[in-house]
Ligand SMILES: [Zn+2]
């Protein structure tokens, strides 16, 4: 048997099309539910809600009681973390979020910022924080 020298063809024409469709589907499935614009942000620490922030109200340097050291920026219907007491500052580097379901998490401080639509009774916060 001598088939080891046969050149491997990883992608045939149809494979590329199928891959593209699969990729598109996964992107759509992942992003469509997040595309509805959020109207408020729930700021929580250790799973306890500290504040619900109206994203329609501009607040360039928002500070929340219970989240000392954090500064949030609410502008153009989006929220971002501009200052944080953690060392890595990954939360500060997170992009601003404005779509329902999107979140910014600060693992060292167990802080979560979750954008929701108004009048949601249940807030899908993570059950556990790993790290
Ligand atoms: Zn952080």
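The values are calculated or read from the model by the stated rules, or taken from the named source; none is laboratory data. These numbers were taken from a predicted model, which means no experiment stands behind them. A quick note on method: Cβ atoms are made from the backbone with ideal geometry, for glycine too, and the neighbour counts reach across all protein chains shown.
Structure notes:
- Test set (1) at pLDDT 80 or above; (2) surrounded by 11 or more Cβ atoms within 10 Å (Cβ to Cβ) - residue 28 fails condition number: (1)
- Boolean, residue 64 is assigned to a loop (DSSP other than H, G, I, E, B), within 16 Å of the ligand (Cβ to nearest atom) and surrounded by 13 or more Cβ atoms within 10 Å (Cβ to Cβ): yes
Each row is one residue, and each column tells you yes or no for (1) within 7 Å of the ligand (Cβ to nearest atom); (2) surrounded by 14 or more Cβ atoms within 10 Å (Cβ to Cβ); (3) more than 17 Å from residue 47 (Cβ to Cβ).
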position	(1), (2), (3)
86	yes, yes, yes
89	yes, yes, yes
94	no, yes, yes
97	no, yes, yes
100	no, yes, yes
105	no, yes, no
112	no, yes, no
118	no, no, yes
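- Verdict on residue 50 being modelled with pLDDT of 95 or more, within 16 Å of the ligand (Cβ to nearest atom), part of a strand (DSSP E or B) and over 17 Å from the mean Cα position of the chain (by Cα): yes
- Evaluating residue 76 against the criteria (1) more than 18 Å from the chain's Cα centre (by Cα); (2) farther than 17 Å from residue 114 by Cβ; (3) away from the ligand (no atom under 16 Å from the Cβ) leaves one unmet condition, (1).
- Listed by first and then second residue, the pairs with beta-carbon distance under 8 Å, at least 6 apart or on different chains, first residue in region 107-119 and over 17 Å from residue 83 (Cβ atoms), second within 11 Å of the ligand (Cβ to nearest atom) and outside any strand (DSSP E or B), form an empty list.
- Residue 78 modelled with pLDDT under 95 and either under 23 Å from residue 37 (Cβ atoms) or touching a strand residue (DSSP E or B) at 6+ places or on another chain (Cβ under 6 Å) (or both): no
- Screening region 70-84 for residues that are in contact (Cβ under 8 Å) with a residue 24 or more places away in the chain and closer than 17 Å to residue 45 by Cα and picking the one that is surrounded by the fewest Cβ atoms within 10 Å (Cβ to Cβ) gives 80.
- Residue tally, condition in contact with a helix residue (DSSP H, G or I) (Cβ under 8 Å, 6 or more places away or on another chain) and part of a loop (DSSP other than H, G, I, E, B), over region 71-89: 1
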